[in-house]
Each structure stands twice: as C-alpha cells, then as structure tokens.
Amino acid sequence: MARSTKLKILWLQSITCNGNTHSFFSHPNFMTLMQKFEVIYHPILDSKYSLDNVINKKLTCDILVLEGAFRETGMQKADREIYEIAKSYAKKAKHVITVGNCSTFGGVFRLYDPESIGGFCFNDETPNEAYKLFKRKLISLPGCPAHPRWIGNLLSMILSQRQILLDNFHRPIEVYGYSAHAGCPRNEYFEWKVDSKNYGHKEGCLFYEYGCQAPYTHANCNKILWNEVSSKTRVGTPCFGCTEPYFPKKDLWHTNTLMGIPATMPMDVPRRAYLTITGIAKSFSIKRLNEPIIKYKK
Amino acid sequence: MKVKYLIEKIEGEAELEFDFKNGLVDNVNIYFPFYRGIEEILKNRDAMDALVITPRVCGICNHAHLIASVRAIENGLNKAGINIDLTQKAISLREFTLSCEIVQSHFKWFYLVALPQLLNLDRMKCPDNYILKASWASTNIVKALAIFSGQWPHASYAVPGGVSCDPTYEDIIQAESLVDEVIRFVENELIGMNIDEYHKRKEISNIKGDMAIIFGMLDKHNMKAKGKSYDRFAVFGEHPIFQTGQYNKKYSNDIDFAHIDEHPQHNSKAKSVTYKDMCYEVGPLARAIMTKNDFMLNLHDKYKDSVLTRVYARLDETIKLLVHIKSLLANLNVKELSCTLANMPKALEADGVGMVEAARGSLIHQSIIKDGKIQKYNIITPTQWNLSSGTQKEAGIAAQAIKGSVSIEEATFIFRTFDVCSVCTTH
C-alpha cells in the first residue's frame, strides 16, 4: 500500500472537559472532513496509535490540535507531563491549533490555580514562554467550546493552503473579526435601548441588565449559528464572552454599570458616542418594540 | 500477579490495576488521576454563575449538569420560602433537552465505544460507517436540543423559574422533524424494524439491525451473563418516564439524599459514594429495573445485572426517550410563560439539592448560598457511584462486576458497559 500523503492530525488533551471534542463531533460533515486527514490520535475515535504510543514513541504530525488548559507540572498521563509532550510535538508540527478557551487562554480551569494553570501560549491576555517558541505556527480557536465549523473550516483551509489572517491573539479574523452581537435578532432592541424585562421572552436586549457580552465579544456565533440552528442570545441567554481571554468573568448574569450605563462599551465604540446615541434613542418610545412580537389567540 | 492498564477514550483516562489469580481477575483498583476543582472554582461566585460553570464539568453530559444546577438553586429557593412553580412548558422543555442529550450520549457509547471494543476482541478495526452513524445521529439530536437551548455543548438556558427561551410553533415543528429523522435512523439502522414492531418483541432475538450485531457478539464471546455486580440499583432524579427509588433484593420508592455519603479513595482523585453504607448501581439499567416493565423483568430474572441487561437497558432507553420526547413536543403550549421567577432575590440565603437523571445515572448538585454567593458547592456524579474501587466494606459496582474476568480485554469491556466518563468522575 502506498504511504499516506494525507496531512497527519494529532489531537492531544490536557486539563479539559472534552467539550471541544464533542462540539467538533457535531459537525454535519464530520466524517467527510476527517477522511481528508490521517488521524494519528483522537480522544474519542478509534485511531492508529494508543495514547501510550503518543506519549512514549516519537510519532510525527503535521497538525497538532491541543484541547484543555496546561500546567508545567502536575498534569501527567502515563507518568509523563502532558505539557512536555505537547511541546515536543509542537516543535515538529507545521501547525499548532489551540481549540477552546482553555488551551488558548486557560479558560474555566485556570481559575482553580491561576499561578500555575494557563493556556498553551497565553495566560489570559499575556503571551507566555511557549508563545515565543510557537508563535509562527500558532492558530487560536478560543470558545467554550469552539464552534464545530471554526475547527472544520480551519483544517480545510490549512489543507487547501488558503490565506488565514490572524488577530493579536492568533484568532482567524474571518471568524473572530465579527462581534457575537452581529446577527443577533435582538439588535433592534439594542438600537432603541429596550431592555429585556425578564428571562423567557423573545423581546428585549440582554446587554443592559443581564450581562450580555456579545457587543464586545469576538465571534461569529450569530452569523453562522450553533448546531446550524441557534445561539445563546436567540434563546434569551446572554453571551458570556467565551472567546475572550477574561472568560469567565464574575457575575456572569449581571451587567456591570457605571451611572446606569454598561461599564464595557461595544467593541471600539467611544463612551461619548455611545452616551449620545443612547440619549437620543431613549427619548423615543417605539410602540412595536414594547409589545410582544407574536400575540397568540387564547 | 498485578497488571496496570491505562484505559483511554473514556472522556479522559483512568488507570486500572488488576490483580490476577489463577488466570482470573481477583480484584481491581480504579484510579482517576486528575482533579480540576470545579467546586472550588465556584466558591464566592454569584449563585447564578453555577449555571455557566458547572456544565464545563463534562463535554458529553454538560446539559445534565445545567439541569442539576438549576434544580439545586430552585430547591434552595423553595426551602427559603420563595415558591418556585414551573409552568408545564418549562418542565417539558427541560425534559426535552435533557432527554436529547441522553440519547446523543447513548448513540456515541454504542457506535464509538461498545461496538468498536467488541470488534477489537476479534482484532477487527472499527468501520468508518459506525463513526458516521454516531456522528449523524448525535449531530441531529443535539440540533433539536439546540433549537431551545441555543447551543450544545455548554448551554445555560435553564434559569431559576424556568427557561430563557421563548419558542414559536415553527421552532417546535423544526425540532419535531429532527426527532422524526432520528427515529427513522433508529428504525432503519439500530433496530431494523419499525418502533411498533419493536414494542411487540418477545425475545431479544427478535431485534434486528445493529442491536442484533452487538447481542450476537456478546453471545460469541460468551459475555452475556458476565459482569454481574450486587444487583442493587438507585434512581434519584425525577423524570416522568423513570421511577425514583432503590432496589436491593426488593423494591422501594423511598430514597433520601440524607443517606448518601462520599468517601475519599487512596491514590484516586475521585470519591466513592454509598447509600446507607452500600454501593449502588445507577444509570439506564437502574432506571429500567425501577420502571419494572415485563420485558426487562424477564431479562433480569434470567441474567441479573449482567453485561447483557446493562447493554440492552441503555439501547432500549434510547428508543423510549425518543418516543417520549415526541409527545412532549406535541403537547407543548407556547402560550404559557417560559419563566415564572421575575428576579433572583437579593442577598439570597439558600441550601438546595438538585438531582437529575443523566446519561450515566443520577447526578446530584448541592449548593449552599450565603448573601447571594456560593459558599459551598458539591457535585456527586453517576460515575462516582458506578466506577469507584469501593469502600472498606465492599468493592465498587464496576470493580465487583469485573471480578472473574478471563482477560484484560474482557474486563475493560465490562468496565465500559457502565459508560465511563473520566472527567465527571473527578470533576
């Protein structure tokens, strides 16, 4: 049999919940996509090598996918530090992809011990030692979890050698150049400053009271939708900012305010501009936006 | 002779340390190596933050953690005198989304774990077709889930007093069509007959499709009657198609959180759990036993808590849940309120317990809230019940089931019939 010329993927987990693995497995074309690659190791699929092989043999991979937060010591598999294993594969791989907020910034699990737990190349916003070694090949896909399409399309773009533009945190701009607010069906309520009154309604904006971080979160969730059908804000849950280095902030369901105005402004919007627009918008009361969209007959 | 074995692809890893005597497993110790400290992370955070943080315990049963978490808050509110009455709509939506997650997990267990592991015994590779089936079926059922929860994994749409979504009939129609698709998949692939015909089955041998393949393989490898443990079962979480209670030689519908104890284990980061000082099995088999349907009772009479009954219970539950969630959608009244609690009370003092049936069994969250902040949070996962090494008095459920195995391959398959989840076990 001819040697496979497919790009080799090695998917390695550290301190994780497996959320990215399961998110990606919900990709509608999962199998078609994976068949384009040779999967050296994967956490839930039957793969060519065992974890013991991955840890104790020197295998090679083209694309190293990392899931979960890292610590230099104290996270061992088969008696070896997984951080060291990740670094040794990262040195030889052509691409290093950190999937999820944990492997990118440290995420939820960093909170347990922020002194020693972080992302592979960033601790929150700060680049760490590994960043210097791997910045040339690093692509970050933060999110809790990363959207299946972000992972699938990035792998396909690497395969087809498309141009992949990255931001300061090495996130692909085609995905993270949007705000999670773009495409939210509650946008009209945001424009006219109509608050959500309670949970469980289609109407109202969640930015003012309920902690929604979509206007300053980099992600295209409301453009491409989750599981192809929905998003947090579409079902009345605030965006928790899970693609950002400060995720998860405290008081996730409450908006921090300064003099009654959200303390964090929408992406790149000057506070003065926001206050001016808000003042004008609030001086009008738009009847339609203060009524239910659908009034079912009894 | 002691043999160490790293077991992987179980939502993380575990280490099994076998003690062989005369060629049979005499004892096994189960070590889960890594603790992530979710309960510690929650300390001093706002009570509602648990709804976002606890799903991150587990990538495959995150939604069950959300529901346990919201039930714990609601139970605390009720005990604090703030009456929480959910509308039928909110109850049904939570049940729907939770059931979809269980179905998703069972599909993955069957096609990615159970069948490939048995094929390995014959030195055969898992065909791509099984991965395709697992992916197709789980993707479609979580799509139906996400219509209401916003996304899967890691939604937080269940809030104290109900749910945050406000679906239309059009949303419900879309979910119904996805459930229909998945039922069609079950009929064509999993059971090889239509559901009505399946309901008329008299024997396991009447079942066709992929389910027949697994029963054939269990037969071939002489495993049907293996994997017996203590034949004790517990169901804590309320769900309309499962009966809560416990079985230990006889049935009892009394079950009380107060009799649960957690015990630290040497060398493992996971605590073992007992009810009245005894180990109990939780999960699909426990739910099936407590529900007492004739087919299951006959099977149980013959095989007790063996590999065959455990495998059958998980697959049969998949079908039961799909039938159940169709009726939930058919009866959903969108005119009812989604959420009945206007606001969380300020400076809340509460102590509540939330119990839920997750894919692998009873999941329990306990939250103690002082001045609106989480003072203490405790999570007891289904896999802690099933997969501990045990207590000083007796071996754990899976450890007991593995005793007498003829090989590591057989022992690890029995272990996997409990549907292992490493990340939940330690959390």
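Just so it is clear, none of the values below were taken in a lab; they were calculated from the coordinates. The shown structure was predicted, so the numbers you read here are calculated from the model rather than taken from an experiment. Quick reminder, even Gly has a Cβ in these numbers, built from the backbone with ideal geometry, and neighbours come from all protein chains shown.
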Sorted from largest down, what three extents in whole angstroms do the Cα atoms of the range B:89-196 have along their principal axes?
52, 29, 20
Which of the aspartates and glutamates could a cross-linker bridge to A:K94, judged by Cα under 16 Å and excluding same-chain residues fewer than eight apart?
A:E38, A:D62
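Which whole-number value in Å³ per residue fits the convex hull of the alpha carbons of chain A?
On the way: hull volume 47.6 nm³, N = 298.
Residue-normalised Cα hull volume stands at 160 Å³.
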When Cβ neighbours within 10 Å are restricted to other protein chains, what is their mean count per residue of peptide B:125-131?
3
How about chain A: what cysteines have no other cysteine beta carbon under 4.7 Å from their own?
A:C17, A:C61, A:C102, A:C121, A:C184, A:C205, A:C212, A:C221, A:C239
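Compare the peptides B:56-62, A:208-214 by average per-residue count of other Cβ atoms within 10 angstrom and give them in order, highest first.
Working: B:56-62: 28.7, A:208-214: 23.7.
Put in order of decreasing packing, that is B:56-62, A:208-214.
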Roughly what % of Cα-Cα distances in the range B:368-423 sit above 18 Å, to the whole percent?
48 percent
Compute the whole-percent fraction of alpha carbon pairs in the range A:178-288 spaced more than 16 Å apart.
58 percent
Compare the Cα positions of A:L154, B:C126, A:V99 along the charge dipole of the protein assembly as shown (+1 at Cβ of Lys, Arg; -1 at Cβ of Asp, Glu; about the Cα centre) and return the one farthest towards the positive end.
A:L154
Can you order the peptides B:329-336, A:5-12 by their average number of other Cβ atoms within 10 Å per residue, highest first?
A:5-12, B:329-336
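Residue by residue through A:39-47, how many Cβ atoms from other chains fall within 10 Å of the Cβ on average?
Other-chain Cβ atoms within 10 Å of each residue's Cβ, averaged: 5.
Against the globular-protein guess of 2.2 N^0.38 Å, express the Cα radius of gyration of the protein assembly as shown as a ratio, rounded to two decimals.
That works out to 0.92 for the protein assembly as shown.
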Average partner chain C-beta neighbours within 10 Å, per residue of B:11-18?
3
Quick note on A:I294, A:I55, B:I91, ordering by fewest other C-beta atoms within 10 Å, gives A:I294, B:I91, A:I55
For the range A:186-242, what's the radius of gyration and Dmax over Cα atoms, in angstrom?
10.7, 30
Largest fluctuation, B:I82, B:I408, B:I191 only, Gaussian network model of chain B with Cα springs under 10 angstrom, belongs to B:I82
Per residue, how big is the convex hull of the range B:118-269 when only Cα atoms are used? Give it in Å³.
236 Å³
Mind listing P(r) for the range B:2-426? All alpha-carbon pairs, 10 Å bins, whole percents.
5, 22, 33, 26, 11, 2, 0
When all C-alpha to C-alpha distances in the range A:7-176 are sorted into bins of 5 Å, what percent of pairs does each bin hold, rounded to whole numbers?
2, 9, 19, 24, 23, 15, 7, 1, 0
Taking N as the number of residues in the range B:16-120, the ratio of its alpha carbon radius of gyration to 2.2 N^0.38 Å works out to 1.53
Could you work out [θ]222 nm for the protein assembly as shown from helices alone, using -39500 (n - 2.57) per DSSP H run of at least four and dividing by all its residues? Round to the nearest 500 deg cm²/dmol.
-10000 deg cm²/dmol
